[in-house]
């Protein structure tokens, strides 16, 4: 297994990656194709394909900031789920750096969302207790109430504020505005 970073939309495997992206995340939690093409040019953003024997099996879309690595989207193809591949991929990612890693999860309102949180907890992520809403990915889009998970420890208030004030405006550009709530 390896990750391969895409810098633009010319790789033939991008169609499979985009299809997985659209199938795996609700529309309010993802970018339009046009905005994705633009954000791929940002030096801190990584659109990584997950490959096994050069075959596409997943995506890991993430940001590298000075003190935080933020996993924006992570998905394994349905044919590869429950094989341990997702766990191995995240463990390799976590081992690459000593920076704190953040990701967002939906509230545990059903068994699937509970299992997803449990998956991250078994890898070592901590479920934080901050009031949090993801800014819109689309013009006029809603803020989405989510939970933040962090690795290897709980997220400090100072790091939470850095994420909100320094990272959010970059991640959610051009539709960033402060949470109205």
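The values are calculated or read from the model by the stated rules, or taken from the named source; none is laboratory data. Since the structure is predicted, the reported quantities are computational estimates derived from the model, not experimental observations. Cβ sites come from the backbone with ideal geometry, for glycine too, and all protein chains shown count toward neighbours.
Couple of notes before you dig in:
- Restricting attention to the range 120-141 and to residues that are touching a strand residue (DSSP E or B) at 6+ places or on another chain (Cβ under 7 Å) and assigned to a helix (DSSP H, G or I), the residue that is nearest to residue 34 (Cα to Cα) turns out to be 120.
- Which numbered condition residue 132 misses (of (1) loosely packed, with under 15 Cβ neighbours inside 10 Å; (2) within 19 Å of residue 155 (Cα to Cα)): (1)
- Evaluation of residue 149 against (1) farther than 25 Å from residue 67 by Cβ; (2) in contact (Cβ under 8 Å) with a residue 40 or more places away in the chain; (3) touching a helix residue (DSSP H, G or I) at 6+ places or on another chain (Cβ under 6 Å) (one fails), failing number: (1)
- Number of the condition not met by residue 171 [criteria: (1) at pLDDT 95 or above; (2) surrounded by 12 or more Cβ atoms within 10 Å (Cβ to Cβ); (3) under 15 Å from residue 66 (Cα atoms)]: (1)
- All conditions in (1) closer than 30 Å to residue 34 by Cα; (2) within 15 Å of the chain's Cα centre (by Cα); (3) in a helix (DSSP H, G or I) hold for residue 117, with the sole exception of (1).
- Within the span defined as the range 78-89, one or more residues are at pLDDT below 95, touching a strand residue (DSSP E or B) at 6+ places or on another chain (Cβ under 7 Å) and farther than 28 Å from residue 32 by Cβ.
- Of all the residues in the range 130-146, those that are on the phi > 0 side of the Ramachandran plot and touching a helix residue (DSSP H, G or I) at 6+ places or on another chain (Cβ under 7 Å) number 0.
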